[in-house]
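Q: Let me begin by handing over the structure; questions about it come next.
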Amino acid sequence: MNHGTVTYWADISLHDTTEEIAEALRRSRTRDLARVSDQLRLVSGIVRRKYRLVRWGFWLLLLALVATLMAVSINNLIR
């Protein structure tokens with residue numbers, strides 16, 4: 001049990017307010033700062049990759065939409 005500290009990224013979801021999270025991080029500071037820092041770094045990397053992939057997904061969706069509209073237009077011109 002973490003007793004109100006943060007030792008894993010999922011521990012954050014156990015707190016209802018930002019103030020509770022801040023207090024838990026303060027308590028964690030003296031106990032396992034390296035572990036908390038490592039978890040934050042890992043989650044940050046996951047989030048960064050997630051948003052990069054979402055951004056690529058939107059660009060690819062736009063490209064697919066343009067290609068579809070062009071195909072429909074060309075098909076209508078050929079008929």
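Quick note: the coordinates plus some simple rules give every number you see, no bench work behind them. Just so you know, these numbers come straight off a predicted model, no measurement behind them. Heads up, the Cβs are rebuilt from the backbone with ideal geometry, glycines too, and the neighbour counts pull from every protein chain shown.
Q: Give me Asp11, Asp32, Asp38, Asp16 sorted ascending by neighbouring Cβ count inside 10 Å, so fewest comes first. Mind dumping the intermediate values first?
A: Working: Asp11 18, Asp32 15, Asp38 11, Asp16 8.
Taking fewest neighbouring Cβ atoms as first place, the list is Asp16, Asp38, Asp32, Asp11.
Q: With a 10 Å cut-off between alpha carbons and a GNM built on the chain, which of Ala64, Ala22, Ala34 moves the most?
A: Among Ala64, Ala22, Ala34, the largest mean-square fluctuation in the Gaussian network model of the chain belongs to Ala64.
Q: Tell me which residues come under 5 Å, amide H to amide H, from Val6 once H is placed; ignore anything under 5 positions away on its chain.
A: Residues meeting the criterion, in which the H sits 1.01 Å from N, are Ser28.
Q: Cut-off 16 Å, label point 7 angstrom out along Cα-to-Cβ of Asn75: give me the residues of region 24-68 whose amide nitrogen falls inside.
A: In region 24-68, the label zone of Asn75 (backbone N under 16 Å from the point 7 Å along Cα→Cβ) covers 64-68.
Q: Apply the Karplus curve 6.51 cos²θ - 1.76 cosθ + 1.60, θ = phi - 60°, to the phi angles in region 10-27 and return the couplings in whole Hz, x for Gly and Pro.
A: With coefficients 6.51, -1.76 and 1.60, one gets 5, 4, 4, 5, 7, 9, 8, 10, 5, 4, 5, 5, 4, 5, 5, 5, 4, 5 Hz.
Q: Right, here's the next one. Go from 0 up to the bin containing the longest alpha carbon distance in region 9-78, width 10 Å each, and give me the % of pairs per bin.
A: Binned Cα distances yield the sequence 17, 26, 18, 14, 12, 9, 4, 0.
Q: Using θ = phi - 60° and the Karplus curve 6.51 cos²θ - 1.76 cosθ + 1.60, what whole-Hz ³J(HN,Hα) does each residue of region 42-57 get, with Gly and Pro shown as x?
A: So the J values, rounded to whole Hz, are 5, 5, 4, x, 5, 5, 4, 5, 4, 5, 5, 5, 4, 4, 4, x.
Q: Fewest Cβ neighbours within 10 Å first, please rank Val72, Val36 accordingly.
A: Sorted ascending by nearby Cβ count, the order is Val72, Val36.
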